[in-house]
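Heads up, the thing below is written out as structure tokens.
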Amino acid sequence: MTLTRREVLCCAAGAAAGAAWTSLAGAQPSSSLNNEPWIWDAHGHLGGVRGTVKERVTQILRFADRMLVRRMVVCMGASWSHDPSPDQMRRENDDALRAVECAPERILGLVYLNPKHERESLQEIERCVARGPMVGIKLWVAVHCNQPCVDPIAARAAELHAPILQHTFMRLGGNLPGESTPDDMLELARRHPKTAFICGHAGFDWERGIRTLRPAKNVYADPGGGDPVAGEVEMAVRELGPERVVYGSDFAGRSFASQLAKVYSANLSPAAQRLVLCENLKRILTPALAAKGMKP
């Protein structure tokens, strides 16, 4: 049988894709091969899917089950406010609380705050974290996180053993008003050494962002979001150590699969891979879970 040039190229491409998939599958931890969900995702949202909160959670969990994600953090509401008023904060947090109620054994909630409204933000921490089921805090782009108005929030977070997930970016054309950089994150973390911080997106310009975070031992890099580029997770583990990198996908705007590819394709030892995919986030959240009588 004689093959055309097109058929030869198609066969070659298929073989290459198969080899790549086999390599990727072989990089997965042995527990995933037993179909046992165990991954913990540090960064997720209700946006990116449609419907009621319950319908959104159902869709997210279906996607998570495909990729063996056991626990996932959810923050912010069905619609997002860049600079939320106190009423908007409460509405968004009510959405996240409903998500936790839908699947308390799977969904971990973070309270979304605007530090411009100090009194109301502290009230939301009490409602959602101190007296509620949430286990941490989410800060986005209302203010730069190195501003003094963030200090009361960071101090209360330390008292509750609640980590702070802070969005960070370094945009080529300039950041949004109030959008924090890893340098802002470093400044805040140095003022609050007893608070655990997760640097969302690792600054997006991750080669600069990861290096910036090196001095702050209480800051963890979350490489989630963006394209599944090679080298990001390897650099984070090399520069910060495997104990300071957590897997986050930024679902549902990004897929679990594309962000897991960053970890599975990295040249990590099985022990380091498990730290990134599960054990680090579990360790960070265990004190807050224990205070609520919840098991990891």
If every Lys and Arg gets +1 and every Asp and Glu gets -1 at its Cβ, then about the Cα centre the chain yields a dipole, in debye to the nearest 20, of 520 debye
Simple spin-label estimate for HIS82/ASP227, 7 Å along Cα→Cβ, in nm, reads 2.5 nm
With Cα coordinates, the longest principal axis of the chain makes an angle with the long axis of helix 86-102, in degrees rounded to 10, of 50 degrees
quick shape note, the stretch 42-113: Cα extents on principal axes in Å, largest first -> 37, 20, 19
Relative to the chain, whose Cα atoms define the longest principal axis, helix 280-291 and its Cα axis are tilted in degrees, nearest 10, by 40 degrees
Any trypsin sites (Lys or Arg not before Pro) in the stretch 67-175 that lie in a DSSP loop and have at most 15 other Cβ atoms within 10 Å would be ARG131, ARG171
Given [x] 1.33; [y] 1.03; [z] 1.40 as possible values of Cα Rg over 2.2 N^0.38 Å, the one from the coordinates is [y]
Restricting to Cα pairs under 8 Å and 6 or more apart, the percent relative contact order of the chain works out to 16 percent
Across the alpha-carbon set of the stretch 125-195, Rg over Rh with Rh taken as the Kirkwood radius works out to 1.00
Given the candidates PRO296, GLY173, ALA236, the one whose Cα lies deepest towards the positive end of the charge dipole of the chain, counting +1 at each Lys or Arg C-beta and -1 at each Asp or Glu C-beta, is PRO296
Residues LYS295, LYS217 in order from fewest to most other beta-carbon atoms within 10 Å are LYS295, LYS217
Per residue, the convex hull enclosing the alpha carbons of the stretch 156-254 has a volume in Å³ of 107 Å³
Between the Cα axis of helix 53-66 and the main Cα principal axis of the chain, the angle (0 to 90°, nearest 10) is 40 degrees
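Values in this text are rule-based calculations from the coordinates and carry no lab data. Since we're looking at a predicted model, the values are computed, not measured. So basically every Cβ, Gly included, is an ideal-geometry build from the backbone, and we count neighbours across all protein chains shown.
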